[in-house]
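Only one structure is covered here, and it is reproduced in the block below.
The values are calculated or read from the model by the stated rules, or taken from the named source; none is laboratory data. Everything quoted here is computed from the prediction, not taken from an experiment. Quick reminder, even Gly has a Cβ in these numbers, built from the backbone with ideal geometry, and neighbours come from all protein chains shown. All accessible areas refer to the heavy atoms of the entire protein, side chains included, with ligands and DNA or RNA removed. Shrake-Rupley method; radii C 1.70, N 1.55, O 1.52, S 1.80 Å.
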Amino acid sequence: MPDLNLAPQFLCVSADLREREGSVLFEVLEYGRTAPAFAVRANQQAVAYLNRCAHVPTELDWQPGEFWDHEQKFIICSVHGALYEPAHGQCLMGPCTGKRLVSVPLKEEGGQVFWLPSDRFQPVF
Ligand code: FES
């Protein structure tokens, strides 16, 4: 039986995630391998995804932490321009239309945001 640390992991204070602006970068262990992830806020909800395009498994951001399109409406992949709905991570337009970013579950409580480890995602120490 693996030794799973399932305690919520502090990510940032709520104010660090501004509506459709900026991001907070972090890392998880995905099945034991380090994987970059990011959190943003859209429709007042804090959401997080692996920083991995659903088209080709490469990082999305055009500069570290820059995920928004110029209208700050969608998450955009810097490689081929796929547009993702930030609230649920589905690709709405681009070469991977209909596919989704991999979600990392979050919990927001008391002005703080935590990500939630699972069988798939573990903290990096
Ligand atoms: S790698 Fe992201 S759209 Fe092609």
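In angstrom, the C-alpha Rg and Dmax of the chain are 14.0, 47.
In a GNM of the chain with a 10 Å cut-off on Cα contacts, which of Cys77, Cys53, Cys12 has the highest mean-square fluctuation? Of the options given, Cys12 has the highest mean-square fluctuation. Loop-located chymotrypsin sites (Phe, Trp or Tyr not before Pro) across region 54-109 with a Cβ neighbour count of 16 or fewer within 10 Å are Trp62, with loop assigned by DSSP. If one computes P(r) from the Cα atoms of region 47-100, what percent of pairs lie at distances over 17 Å? That tail contains 21 percent of the Cα-Cα pairs. Could you work out the relative contact order of the chain? I mean the mean sequence separation of Cα pairs under 8 Å and 6+ apart, divided by the number of residues, in percent. That works out to 30 percent.
What separates the Cα centres of region 6-21 and region 61-125 is a distance of 13 Å. As a test, work out the antiparallel percent of DSSP beta bridges whose residues both lie in region 9-119, rounded to the nearest 5. Bridges in region 9-119 that DSSP calls antiparallel: roughly 95 percent. Among His55, His70, His80, the residue with the largest mean-square fluctuation in a Gaussian network model of the chain, with springs joining Cα atoms closer than 10 Å, is His70. Solvent-accessible area per residue in the chain equals 55 Å², computed with a 1.4 angstrom probe and all protein chains kept.
With +1 on each Lys and Arg Cβ and -1 on each Asp and Glu Cβ, and nothing else charged, work out how big the dipole of the chain is about its Cα centre, in Debye to the nearest 20.
On the way: 10 positive and 15 negative charges, 56 e Å.
In debye, rounded to 20, the chain gives about 280.
To the nearest 0.05, what FRET efficiency results for Glu66 and Asp119 with a Förster distance of 30 Å applied to their C-beta separation? Efficiency, from the Cβ-Cβ distance: 0.45.
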